[in-house]
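What follows is one structure encoded as structure tokens, with my remarks underneath.
Read-outs throughout are calculated quantities, based only on the coordinates presented, and are distinct from any laboratory measurement. What you are looking at is a predicted structure, and each value in this text was computed from that prediction instead of being measured. Neighbour counts run over all protein chains shown; Cβ positions are idealised from the backbone, glycine included.
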Amino acid sequence: MRKARFISVEGIEGVGKSTHLAFIREYLAARQVDVLMTREPGGTPAAERIRAVLLDPKGETVSPEAELLLMFAARALHVENVIRPALQAGRWVVCDRFVDASYAYQGGGRGTSSRRIASLEQWVLKGLKPDLTILLDAPVAVGMARMNKRGVPDRFEREQTAFFKRVRQTYLRRAKREPRRIRVVAADGDLQQVQSRIQQLLDTHLKRWL
């Protein structure tokens, strides 16, 4: 039986993750891959309730420390109750954000120490990492222009340009450190161009995996 694979999709707001995740699901389904689509924060009933707290723009103040701990509390539930069982059952998992997002948003964006994030990663994930991370990348101005066309912004979407620049820079630095796992896909072109790049990337990996 072929090994189950874990793919995460990352990027700042406005890079088109939702659209491209749907494309990835269809791509894998067309190749008879049994895939579970999930997201962070969230993925389980309790983790979705944590998500609601984290994204609520009108909720009580959430400090950077509380934000990081809530993210990892949701991730612990998600990994234990959804991701690991799916992988153990032979299903592929495609996740909208995973631990790289904590380094980018809580680390780069909020300024939390990467050592503190790494300590939580080691404790909660116990070595679990995606086999492939697709980093959809676009200039912050492009992402924010797209984001501003959407509905009411959540707590993260209300952040300023400088915040998203730090997030993007952190993502790109991580991609330079782990180029085999984190593959950068330019997401500022038209839809067909971006999805062609994603398909080429997936084609390359599936030749080795299937």
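Here the condition is being in a helix (DSSP H, G or I) and farther than 20 Å from Lys176 by Cα; of Gly90, Gly108, Gly143, it holds for Gly143 alone.
Take the conditions (1) surrounded by fewer than 15 Cβ atoms within 10 Å (Cβ to Cβ); (2) aliphatic (A, V, I, L, M); (3) within 24 Å of Gln32 (Cα to Cα); Ala141 misses just one of them, which is (3). Residue count for segment 111-134 satisfying the condition of being part of a loop (DSSP other than H, G, I, E, B) and basic (Lys, Arg): 2. Screening Gly14 with (1) closer than 20 Å to Phe156 by Cα; (2) surrounded by fewer than 16 Cβ atoms within 10 Å (Cβ to Cβ); (3) of a type outside the set (A, V, I, L, M, F, W, C) gives one miss only, at (2). Only residues that are within 16 Å of Leu21 (Cβ to Cβ) and aliphatic (A, V, I, L, M) were counted across segment 35-52, and they come to 3. Any residue in segment 83-98 that is more than 25 Å from Ala186 (Cα to Cα) and β-branched (Val, Ile, Thr)? Checked against the condition, which is being more than 25 Å from Ala186 (Cα to Cα) and β-branched (Val, Ile, Thr), segment 83-98 yields at least one hit.
Residue check: Thr161 meets all listed conditions (1) surrounded by 12 or more Cβ atoms within 10 Å (Cβ to Cβ); (2) polar (S, T, N, Q); (3) closer than 24 Å to Leu54 by Cβ but one, namely (1). Among residues that are of a type outside the set (A, V, I, L, M, F, W, C), without any contact (Cβ under 8 Å) to a residue 24 or more places away in the chain and closer than 22 Å to Phe6 by Cα, Ser119 is included.
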